[in-house]
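The values are calculated or read from the model by the stated rules, or taken from the named source; none is laboratory data. Remember, it's a predicted structure, so these values are computed and weren't measured experimentally. Note that each Cβ is placed from the backbone with ideal geometry, even for glycine, and that neighbours are counted across all protein chains shown.
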Amino acid sequence: MIYKIEIENFYSIRDKQTLDLRASAHAPDTTQRLASCWQGSQEQAPKVVALFGANGSGKSNLLRALSFVCWFVQLSFSIPLGARIPNHPFNDRRSLGNPTRFALWLSGPEKPGSTRQDDTAECPYCYELILRNGNDGTVQREGIFFWPTSTGRKTRLIERLEDGTVKAAKDFGLSGYKRALEKILRPNASVVSTLAQLNHPVASQIVGAAGRCQSNIYIEKVEFSDDFVRENYIDRPEMLRQLNQQISRIDFGVRALEVVPGKNGQQIMFRHQGLDSPMPLIYESHGTRQFLKLFPLITYVLSVGSIAIIDELDAAVHPMLLPEIIGWFHDPVRNPHNAQLWMSCHNVSLLEELSKEEIVFCEKDWQGRTEIYALGDVKGVRRDENYYKKYLGGVFGAVPRIG
């Protein structure tokens with residue numbers, strides 16, 4: 001679970017933006033909307049984070065930042081030698097030469113390298129990445145830090161300094177990999193991603209965690225193909241079973257999905273209420289097809305306790321279905337490992353379904369710079385207020401300006 005982020009000089013986010021999602025110590029949680037920031041922590045953060053704001057206000061850029069960090073940690077070693085890191089600083093003369101910075105706070109094992117199955121204690125972690133821009137476009141600094149409960153002090157797990165030197169805590173176990181790392185570490189790749197290529201156990205675990213994060217937006221929004229649907233449901237019978245359990249409860253006009261033999265192999269067919277013959281995927285509505293494409297992503301994240309990053313979820317599914325999906329993340333049975341959903345929204349009626357801690361706003365000023373703030377940062381907001389009406393009335397800002 002991510003409970004705090006800092007982003008600076010990335011797309012429309014020019015000045016450092018800090019979003020701290022930790023709830024007030026007095027925040028009630030009678031609906032299972034909050035979870036401990038790390039196992040055993042008294043601090044809590046929301047399992048659903050919904051971004052609101054006008055078109056072009058920077059909602060997607062915040063999600064891009066999260067997806068970019070996950071990609072960089074996991075896959076940046078695949079960038080060709082000498083290629084620029086695909087980072088986009090704010091488009092003004094000063095920012096184009098200034099570094100881009102990301103910092104994400106999340107939970108991790110008290111003992112580096114241990115897993116959830118080890119039933120180990122957890123503590124806060126921070127991943128920080130600083131990228132050079134201008135003519136360089138390489139890593140300036142990268143580090144992972146944690147705060148063991150035994151000391152409460154910031155402790156370096158691994159850090160890559162500006163001169164390229166890599167230092168690590170003893171528990172990280174870098175000594176046996178140092179010589180090989182020096183040979184293959186490139187200025188455009190993550191040191192974590194690089195160490196994972198050498199089968200370093202802790203780095204491989206971190207890369208695996210980044211890979212479990214699921215997103216439909218990277219540099220551009222990803223449109224999953226119909227082949228993606230077929231692969232997920234034909235090759236994964238359990239996924240098909242879970243989907244059929246849901247569509248029997250939700251009024252899609254579809255009774256069930258079936259896998260049937262076709263001319264070119266097995267295919268997905270839809271059994272509709274009142275129709276004699278099943279229908280192929282191509283004849284289904286856009287909303288139904290989008291739901292089928294997002295369902296495996298969401299189901300996977302819920303099963304492993306990871307993070308789903310979904311741009312414009314409300315554009316993909318019917319507004320009445322959105323509260324249902326959000327409820328999956330609130331449900332401790334369906335979400336036993338406290339998976340987290342980050343999503344951008346245009347359907348402001350969803351504000352009536354969300355708690356104070358789950359709402360984040362993005363607003364762009366006259367110079368095109370994005371400001372990010374949580375509803376909890378707005379002074380004087382009560383829990384019994386109608387957030388929907390107050391937002392449309394301009395009380396919270398971040399509303400479209402017309403005329």
Evaluation of residue 351 against (1) modelled with pLDDT under 95; (2) surrounded by 16 or more Cβ atoms within 10 Å (Cβ to Cβ); (3) touching a helix residue (DSSP H, G or I) at 6+ places or on another chain (Cβ under 7 Å); (4) under 28 Å from residue 39 (Cβ atoms) (one fails), failing number: (4)
Per-region count, the stretch 1-56, residues assigned to a strand (DSSP E or B), under 20 Å from residue 102 (Cβ atoms) and not small (Gly, Ala, Ser): 15
Tally of residues being part of a loop (DSSP other than H, G, I, E, B) and exposed (fewer than 14 other Cβ atoms within 10 Å of the Cβ) across the stretch 174-197: 0
Hits in the stretch 210-254 (condition: of a type in the set (D, E, K, R) and either at pLDDT 80 or above or closer than 30 Å to residue 125 by Cβ (or both)): 212, 220, 221, 231, 235, 236, 238, 241
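So that you can scan it fast, the table gives a plain yes or no per residue for (1) within 17 Å of residue 110 (Cα to Cα); (2) surrounded by 15 or more Cβ atoms within 10 Å (Cβ to Cβ); (3) touching a Cys at 6+ places or on another chain (Cβ under 7 Å):
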{"site": "132", "(1), (2), (3)": "no, yes, no"}
{"site": "137", "(1), (2), (3)": "no, yes, no"}
{"site": "152", "(1), (2), (3)": "yes, no, no"}
{"site": "159", "(1), (2), (3)": "no, yes, no"}
{"site": "172", "(1), (2), (3)": "yes, yes, no"}
Every pair of residues 6+ apart whose Cβ atoms lie under 6 Å, when the first sits in the stretch 247-268 and is surrounded by fewer than 16 Cβ atoms within 10 Å (Cβ to Cβ) and of a type in the set (Val, Ile, Thr) while the second is modelled with pLDDT of 80 or more and in a strand (DSSP E or B): 259/266; 260/269
Residue within the stretch 322-332 that is of a type outside the set (A, V, I, L, M) and more than 29 Å from residue 122 (Cβ to Cβ) present: yes
Qualifying residue in the stretch 289-308 (condition: modelled with pLDDT under 80, farther than 14 Å from residue 228 by Cα and in contact with a helix residue (DSSP H, G or I) (Cβ under 9 Å, 6 or more places away or on another chain)): no
Where a residue in the stretch 72-90 is at positive phi and its partner, wherever it lies, is part of a loop (DSSP other than H, G, I, E, B) and of a type outside the set (Gly, Ala, Ser), with Cβ under 8 Å and at least six apart: 82/188
